[in-house]
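The values are calculated or read from the model by the stated rules, or taken from the named source; none is laboratory data. For clarity, every value in this text was computed on a predicted model and none was experimentally measured. Glycine gets a Cβ as well: all are built from the backbone with ideal geometry, and neighbour counts include every protein chain shown. Ligands, DNA and RNA are stripped out before the accessible areas are found, and what is left, the full protein with its side chains, is counted by its heavy atoms. Shrake-Rupley method; radii C 1.70, N 1.55, O 1.52, S 1.80 Å.
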Amino acid sequence: MILSKSWSSLLACVSLLMVTSVYSAEAEVEHSHKGQDSTMQVSARLNDMATLYIEHCAACHGVKGDGKSTAKQQLNPAPKDFTRFQVAAELSRERMIGSITHGLPNTAMEGWEGRLSPEQIAGIVDYIRVSFMPAVTTETAMEGRRVYARHCSVCHGDTGQGAVWARSGLSPPPANFTESSMVAKLNRERMISSVSYGRAQTAMPAWKGRLSDEQIEQTVDYIRYSIMKLPTDALHQAAGHVAAGSLTAKDEHDHDAHGVDELDAPLPFGLVGSEQMGGDLYHRNCADCHGVTGEGNGPRAYFILPKPRDFRQPEAQAKYSRAHLFEVISKGVLGSEMPAWDKVMTDAEIGHLSEYVYKAFIEHGKAAGSD
């Protein structure tokens with residue numbers, strides 16, 4: 001972070017803008033679930049901060065915070081590589097604030113006390129920690145980052161690409177949060193649902209009850225903004241999510257990729273379902289895959305990957321309303337053997353079928369679980 005004197009006055013002004021953006025962005029991140037507009041605002045602000053980092057810090061610390069810069073060969077010791085796990089484990093937030101404030105003897109890192117306010121220095125430290133440093137269990141200031149390191153990295157890996165043992169030892173392997181297809185597929189609501197209730201037929205357990213709702217949201221936001229790099233690398237992805245629960249989405253939409261619905265949402269189009277008629281339809285058309293009891297264990301399930309939905313799982317019971325069931329049954333699920341039944345059934349029949357699944361498995365399963 002060495003700049004010529006001619007840049008000093010400019011840095012003071014730029015730093016104020018940067019820190020203002022940092023804290024505004026953090027406030028937006030905390031409330032990003034309120035809608036796409038706030039997500040876009042977070043993305044724009046963090047993109048601005050990334051530009052500032054490249055303009056004023058990358059000359060020493062590298063574009064990616066890894067110390068790979070044009071100054072690396074001229075500086076001894078070399079600039080800190082913030083992406084190394086050992087560095088992340090050693091550098092507490094307080095230590096980094098002290099280093100920027102007072103400088104480091106026998107290095108090119110000078111003290112910025114008097115030129116930057118304590119708030120500005122803290123903002124720069126937080127930006128570096130969130131943007132470049134891998135998660136560690138010793139984290140105290142950022143709960144989502146600490147929770148990820150302690151509970152998630154064992155399978156998903158320190159960088160979100162999947163631990164080596166998990167990629168080869170788990171089927172299906174853990175989600176690779178750095179893949180562009182995964183970034184496009186996983187909206188915030190779906191991720192919160194998956195962490196809360198787990199994923200059926202995978203090694204992903206339910207964390208609701210072991211982690212607070214706030215911890216789950218903070219961990220999801222850490223993954224999205226620090227690992228998936230949504231604000232700086234995938235702004236177009238944030239603008240491209242289809243709203244959950246839409247009954248008018250195109251057929252190519254992943255209809256099973258929603259988060260938690262309003263569980264009392266009624267059937268669309270004013271339909272009224274008959275549980276009895278739906279039961280007849282279910283046993284004729286669905287039980288071979290989903291099983292008589294809705295547990296995804298029908299006679300054909302053994303030959304199907306991914307496995308049919310188990311409606312008795314907490315994830316399903318916290319997710320499926322009558323409206324969501326109607327959509328999934330109507331349009332099918334991409335990447336699975338779940339077909340689009342609106343090709344062979346009427347809306348009324350799909351309504352009956354949705355009513356039966358909801359009453360027999362979703363509602364009954366929740367009632368049994370509360371006993």
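Filter the range 267-302 down to the residues that are part of a helix (DSSP H, G or I) and of a type in the set (A, V, I, L, M) and list them by number. First the steps, then the outcome.
Narrowing the range 267-302 to residues part of a helix (DSSP H, G or I): 268-270, 275-285, 287-290, 301-302.
Listed by number, the residues that qualify are MET277, LEU281, ALA287, ALA301.
I need a count of the residues in the range 186-212 that are outside any loop (DSSP other than H, G, I, E, B) and among the hydroxyl-bearing types (Ser, Thr, Tyr). First the steps, then the outcome.
Taking the range 186-212 first, the residues outside any loop (DSSP other than H, G, I, E, B) are 188-197, 208, 211.
Those left that are additionally among the hydroxyl-bearing types (Ser, Thr, Tyr): 193-194, 196-197.
The total comes to 4.
Quickly run through the range 84-106 and pick out the residues that are more than 26 Å from the chain's Cα centre (by Cα) and within 16 Å of ILE124 (Cβ to Cβ).
GLU94, ARG95, MET96, ILE97, GLY98, SER99, ILE100, THR101, HIS102, GLY103, LEU104
For VAL125, are the conditions met, namely being closer than 21 Å to ALA89 by Cβ and assigned to a helix (DSSP H, G or I)?
Values: closer than 21 Å to ALA89 by Cβ: yes; assigned to a helix (DSSP H, G or I): yes.
When the stated conditions are applied, VAL125 passes them.
Which residue out of VAL164, VAL183 is at pLDDT below 90, among the aliphatic types (A, V, I, L, M) and open to solvent by 30 Å² or more (accessible area, probe 1.4 Å)? Quick ask: steps written out before the conclusion?
Working: VAL183 fails: open to solvent by 30 Å² or more (accessible area, probe 1.4 Å).
Every option except VAL164 fails the conditions.
Given ALA141, ALA135, which one is surrounded by fewer than 19 Cβ atoms within 10 Å (Cβ to Cβ) and under 24 Å from the mean Cα position of the chain (by Cα)?
Values: ALA135 fails: surrounded by fewer than 19 Cβ atoms within 10 Å (Cβ to Cβ).
Just one listed residue meets the conditions, ALA141.
What's the total number of residues in the range 191-203 that are crowded, with 20+ Cβ neighbours inside 10 Å and either among the hydrophobic types (A, V, I, L, M, F, W, C) or over 19 Å from PRO308 (Cβ atoms) (or both)?
Of the residues in the range 191-203, 4 are crowded, with 20+ Cβ neighbours inside 10 Å and either among the hydrophobic types (A, V, I, L, M, F, W, C) or over 19 Å from PRO308 (Cβ atoms) (or both).
When you check ARG115 against the structure, is it open to solvent by 70 Å² or more (accessible area, probe 1.4 Å), in contact (Cβ under 8 Å) with a residue 24 or more places away in the chain and over 30 Å from SER196 (Cα atoms), yes or no?
Numbers: open to solvent by 70 Å² or more (accessible area, probe 1.4 Å): yes; in contact (Cβ under 8 Å) with a residue 24 or more places away in the chain: yes; over 30 Å from SER196 (Cα atoms): yes.
Judged against the criteria, ARG115 is a match.
Quick one: would you say GLY332 is within 22 Å of SER193 (Cβ to Cβ), out of contact with any His (no Cβ under 8 Å at 6 or more places or on another chain) and touching a residue at least 60 places away in the same chain (Cβ under 8 Å)? Working first, answer last.
On the way: within 22 Å of SER193 (Cβ to Cβ): yes; out of contact with any His (no Cβ under 8 Å at 6 or more places or on another chain): no; touching a residue at least 60 places away in the same chain (Cβ under 8 Å): yes.
Judged against the criteria, GLY332 is not a match.
Has the range 302-313 got at least one residue that is open to solvent by 10 Å² or more (accessible area, probe 1.4 Å), under 13 Å from LEU267 (Cβ atoms) and not aliphatic (A, V, I, L, M)? Step through it out loud before you land on a result.
Of the range 302-313, the ones open to solvent by 10 Å² or more (accessible area, probe 1.4 Å) are 302-303, 305-313.
From what's left, under 13 Å from LEU267 (Cβ atoms): none.
The answer is no, given that none of the residues of the range 302-313 is open to solvent by 10 Å² or more (accessible area, probe 1.4 Å), under 13 Å from LEU267 (Cβ atoms) and not aliphatic (A, V, I, L, M).
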